[in-house]
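Before we start, here is the structure in question, set down as structure tokens.
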Amino acid sequence: MNQREKEEYLREYSILKSQGKPFFPYAVAKDGLMGCLVIAIIIALSIVLGAELGPKANAATTTYTPRPEWYFFFLFELLRVIKPPNFVGLATIGVPTLAMILLFLLPFYDRGPERHPLRRPVATLTGIFVICAMAYLTYLGANAGPPTENDIPAPAAVLAQGKPAVSEFYLGRSVVAQSGCEACHLIGSNGNNGPGPELTKIGDRIPPQAIARTLVNPTEPMPSYGGSGGLPAKQFSAVVAFLSDLK
Amino acid sequence: MPKLPAVPIPPRFLPQPPPPGTQRGRPRTPLEKGAEAGKSAVDWIDERTSLSGGVRWALFRKVPKGTNWFYTLGSATMIAFLNQAVTGVFLAMYYRPDAGGGAYESVRYITNDVFLGQFVRGMHKWGSSVMVILVFLHMGRTFFFGAYKYPRELNWVIGVVLLILTMTMSFTGYLLPFDQRSYWATIVGVNINGTGPLLGPYLSDFLRGGPEFSATTLSRFYSIHMLLVPGAIAAMIGAHLYLVAKLGTTAPPWLRAKPEPELVEEQL
Ligand code: HEM
């Protein structure tokens, strides 16, 4: 907007303003009514849905699904959509940081005098696109069910090794299923594909020591499962055995 | 100094001169005495603070023609914030930020034993969702109405800060019940933060209070959640509303000003 457009806007605005009504009581009455509606909705939600409390936090046992509050789903899903691991940094903070910077600076790069949404097609369409994308990602996140099951059968090579190997395989499988690994990893047909790499054939790709090292010292955002606060030794080695048997 | 707007009192309620023929020195009725006392109390405060000018300026300014229900979304957000503040105070009376089990126990106690505890906790929990939805709706309204343009750029920037602060509230509050869900979601969330460019690792170290998730992490989240960010939000809302009163809210973008009829005639 140049100086003339600014002055035109201010003149126009002062006419519209002088033809309006006083803030008190007219706008205050509307705001008050809306405020009552908001409080009524909150009270109704609280009565109908209550406030649940899950099992107590426990750093050692791990029946959890790392699910954020629903309005963060779109961020979490973004991690999943922009998949290749080298892009993860871009997806998590890169895209949100970029979006925040664009949001902050909006009034400084969109300086046209036009305000009508239909006569600002680029801004309006971008806005609608962002809303749809966020709604879609939230929907995806809401339907990424809590992945706590795993139905991979023990492969023939493990069965051939006899009973202890088979039971260790199944112990590892259930620990993996209950430790939330599948929130980030796809294993066979279980879990979510991303942000972590698929683990279906992880045993082919890296040796057991490397798997153990990853569990103790993972690259973020994967949490660490080793060390003093992590899985007990028996469960830990079962997980490593289970993963290295996936070939 | 522009003239301050007058109080919009309907003519019916304006003080009437006594009807002709009534006595001057008639004793005043109790109602009149009460009104007089109220007035002199207000005068007493105003003599010492000069607040009345500011109040008149903020309350009796005009809002432009065509202001509709979309314009209530901002104050609705503020109501949701006040709801969080009030219910939060009651929760803080019972909550203990003790990662050793005290936190979980205190929330369990609030939920199961405190009178109306679950109700207040529910209002706080669902109020947060409502507030987030309202912030986004309000932002959408100002975006589609082009309300971020001259001269309201700064108010948009303050708004984005409020948006970030609101999301920070939800993120830090989610950990406090210290159940499995909140614990693990927060670990992953802080780790995601850590992957960010430049400040990422420092930010997640600051949030955790060290390289590892520990007992201090919970008290850190607690103080951020109930002191730091709410204070910042309150201050920012103050600045936001000052600018709203100063600049006036926009008129809907489809309205064009028609000059007053008197002015049109004058131009002929
Ligand atoms: C805690 C959150 C917030 C509160 C309590 C709040 C409150 C308000 C209120 C009461 C108004 C008066 C007019 C109206 O209600 O529409 C307003 C106007 C405004 N707000 Fe917010 N707001 C918040 C967040 C935001 C955000 C996130 C943005 C955008 C990034 C924003 C941008 C604006 C702008 C540009 C105006 C001027 C609108 C106009 O003049 O028509 N606000 N805000």
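Identify, from the list A:GLY230, A:GLY203, the residue that is part of a loop (DSSP other than H, G, I, E, B) and open to solvent by less than 30 Å² (accessible area, probe 1.4 Å).
A:GLY230
Separate question: Which count do you get for residues in segment B:37-61 that are among the basic types (Lys, Arg) and within 21 Å of the chain's Cα centre (by Cα)?
2
May I pose another question? If you check B:LEU203, B:LEU199, B:LEU218, which single one turns out to be within 13 Å of chain A (Cβ to nearest Cβ), surrounded by 21 or more Cβ atoms within 10 Å (Cβ to Cβ) and not basic (Lys, Arg)?
B:LEU218
Residues to consider are B:VAL160, B:VAL120, B:VAL190; find the one that is open to solvent by less than 20 Å² (accessible area, probe 1.4 Å), within 29 Å of B:VAL107 (Cα to Cα) and in contact with a helix residue (DSSP H, G or I) (Cβ under 8 Å, 6 or more places away or on another chain).
Criteria check complete, one pass: B:VAL190.
Within segment B:249-256, can one find any residue that is within 11 Å of the ligand (Cβ to nearest atom) and either in contact with a Ser or Thr (Cβ under 6 Å, 6 or more places away or on another chain) or open to solvent by 40 Å² or more (accessible area, probe 1.4 Å) (or both)?
no
Oh, and also: Is there any pair with a first residue in segment B:223-244 that is more than 10 Å from B:LEU162 (Cβ to Cβ) and a second that is within 11 Å of the ligand (Cβ to nearest atom) and among the small types (Gly, Ala, Ser) whose Cβ atoms are under 8 Å apart and which are 6 or more apart or on different chains, and what are they?
Cβ pairs passing all conditions: B:VAL244/B:GLY74.
Something else now. Hey, could you check segment B:150-163 for residues that are modelled with pLDDT of 95 or more and at the interface with chain A (Cβ under 7 Å from one of its Cβ atoms) and say which is farthest from B:ALA235 (Cα to Cα)?
Among those that are modelled with pLDDT of 95 or more and at the interface with chain A (Cβ under 7 Å from one of its Cβ atoms), it is B:GLU153.
Among the candidates B:GLY159, B:GLY140, single out the residue that is within 12 Å of the ligand (Cβ to nearest atom), touching a residue at least 12 places away in the same chain (Cβ under 8 Å) and within 25 Å of A:LEU118 (Cβ to Cβ).
B:GLY159
Residues of segment A:87-103 being at pLDDT 80 or above and either surrounded by fewer than 16 Cβ atoms within 10 Å (Cβ to Cβ) or of a type in the set (D, E, K, R) (or both), which ones?
A:LEU98, A:ALA99, A:MET100, A:ILE101, A:LEU102
Return the residue satisfying two criteria in turn: it lies in segment B:61-99 and is modelled with pLDDT under 95, away from the ligand (no atom under 16 Å from the Cβ) and open to solvent by less than 80 Å² (accessible area, probe 1.4 Å), and of such residues it is nearest to the other protein chains (Cβ to nearest Cβ).
Ranking the candidates gives B:ALA99 first.
The values are calculated or read from the model by the stated rules, or taken from the named source; none is laboratory data. Note that the coordinates shown come from a computational prediction; the quantities given were computed from them, not determined experimentally. Cβ: placed from backbone, ideal geometry, glycine included. Neighbour counts: every protein chain shown. Calculation scope for accessible area: heavy atoms of the full protein, side chains included, ligands and nucleic acids excluded. Shrake-Rupley method; radii C 1.70, N 1.55, O 1.52, S 1.80 Å.
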